[in-house]
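Reading through the structure tokens given below for one structure.
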Amino acid sequence: PQTKHPMKDLLGKAGRAWYFLSTQRSDLLQFEIPNVADIPTFIKRASSQMKAFGHDFDVKLYDIEGCFPNMPKGAIKAAALDYVAHYVRQGKKGVWIPRSRTKRPSWDMPTIPKNGTWIPLEELRDILNFALDNAYIKMPDGTVRHQAQGIPMGDPLSPGMTIMTCAWMEREWMTGLRAFDRLHFMGARYMDDIMLFHSRHPAWDADGFIRDFTASECYWNPLKLEESTPGQFLETFFEKDGLEITYRLKNANEDT
């Protein structure tokens, strides 16, 4: 719906700004958010950490089922409030969005502000709340419907909302874990796809951890975790043999 919205230009700029904001908080990236090409690096690092315990480990793959249509709006707004408050405490004022889409947004406004747009943090939060509360969809028969739940379809703010809210929920969940628990797993998430390494150390309750994690103790209801295709995380294929993992990037449409 936002592709034909009268505020299309502003929403597009706010979407770029929120994507930038969602990737700047190292304290919330408990589950790393890699680029697709970075996944082999994550696999190597995670398997090394698990092998350091000297015991076997498992690799689990999950999808956050219905992440976009079922994302609780309350969680999105709470995460946005938390992000803005965090950056304000750091002394940030807003985000500069260059006109050229090949250039990344930044915290600093140029000395001579031209060829771009400056949006204060509070206004970014207001725009996000507006997009959440005013997602309208024109159906093929001409009727207009209001999207009352989930992340707005077709909205340029949606990628930033997804990354931000999932990372915020993960941080909230991990604050309740013991330091001993956090040593025994590593996770990576790309949008709604999750790769989770966890040790099988006899002193750690791996089965209980997985049971609690898959029961959506991490992600708010009605979000649920569903196990996905083993041996394939996005475009990375991998095989585990004992304590060793081999992996390669491969297009799923390739024959070999």
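The values are calculated or read from the model by the stated rules, or taken from the named source; none is laboratory data. Since this is a predicted model, take the numbers as computed values, not measurements. Glycine also receives a Cβ, built like all others from the backbone with ideal geometry; neighbour counts cover every protein chain displayed. For accessibility, only protein heavy atoms count, side chains too; no ligands or nucleic acids. Shrake-Rupley method; radii C 1.70, N 1.55, O 1.52, S 1.80 Å.
Details
- Matching residues in segment 193-219 - criterion: being surrounded by 18 or more Cβ atoms within 10 Å (Cβ to Cβ) and in contact (Cβ under 8 Å) with a residue 40 or more places away in the chain: I194, M195, L196, F197, H198, S199, A206, C218, Y219
- D9 being surrounded by fewer than 17 Cβ atoms within 10 Å (Cβ to Cβ), of a type in the set (D, E, K, R) and either modelled with pLDDT of 90 or more or in a helix (DSSP H, G or I) (or both): yes
- Residue in segment 40-59 that is among the aromatic types (F, W, Y) and crowded, with 18+ Cβ neighbours inside 10 Å present: yes
- Residues of segment 147-166 classified as farther than 14 Å from K73 by Cα and out of contact with any Ser or Thr (no Cβ under 7 Å at 6 or more places or on another chain), total: 3
- Among the residues of segment 127-138, those identified as surrounded by 18 or more Cβ atoms within 10 Å (Cβ to Cβ) and at pLDDT below 95 are A131, L132, A135.
- Residue check for R16: of a type outside the set (A, V, I, L, M, F, W, C), open to solvent by less than 50 Å² (accessible area, probe 1.4 Å) and assigned to a loop (DSSP other than H, G, I, E, B): no
- Any hit, segment 179-186, residues being open to solvent by 10 Å² or more (accessible area, probe 1.4 Å), within 18 Å of M71 (Cβ to Cβ) and part of a strand (DSSP E or B): no
- Within segment 220-248, the set of residues being open to solvent by 90 Å² or more (accessible area, probe 1.4 Å), under 21 Å from I33 (Cβ atoms) and modelled with pLDDT under 90 comprises just one member, E235.
- Residue list for segment 85-108, restricted to those being farther than 10 Å from P120 by Cα and among the aliphatic types (A, V, I, L, M): A85, V88, I97
- Output for segment 90-126, where each listed residue is under 30 Å from N221 (Cα atoms) and open to solvent by 40 Å² or more (accessible area, probe 1.4 Å): E122, E123, R125, D126
- When D58, D27 are screened for being closer than 29 Å to A203 by Cβ, in a strand (DSSP E or B) and in contact (Cβ under 8 Å) with a residue 60 or more places away in the chain, only D58 passes.
- R189 satisfies every condition listed in (1) exposed (fewer than 15 other Cβ atoms within 10 Å of the Cβ); (2) among the basic types (K, R); (3) not in a helix (DSSP H, G or I) except (1).
- Number of residues in segment 61-89 that are assigned to a helix (DSSP H, G or I) and surrounded by 14 or more Cβ atoms within 10 Å (Cβ to Cβ) equals 16.
- Filter result for A148 (without any contact (Cβ under 8 Å) to a residue 12 or more places away in the chain and either outside any helix (DSSP H, G or I) or open to solvent by less than 10 Å² (accessible area, probe 1.4 Å) (or both)): yes
- D141 free of Cβ contacts under 8 Å to residues at least 24 places away in the same chain, open to solvent by 50 Å² or more (accessible area, probe 1.4 Å) and assigned to a helix (DSSP H, G or I): no
- Pairs, first among the basic types (K, R) in segment 84-113, second assigned to a loop (DSSP other than H, G, I, E, B) and exposed (fewer than 12 other Cβ atoms within 10 Å of the Cβ), C-beta under 7 Å, six or more apart: R99/N115
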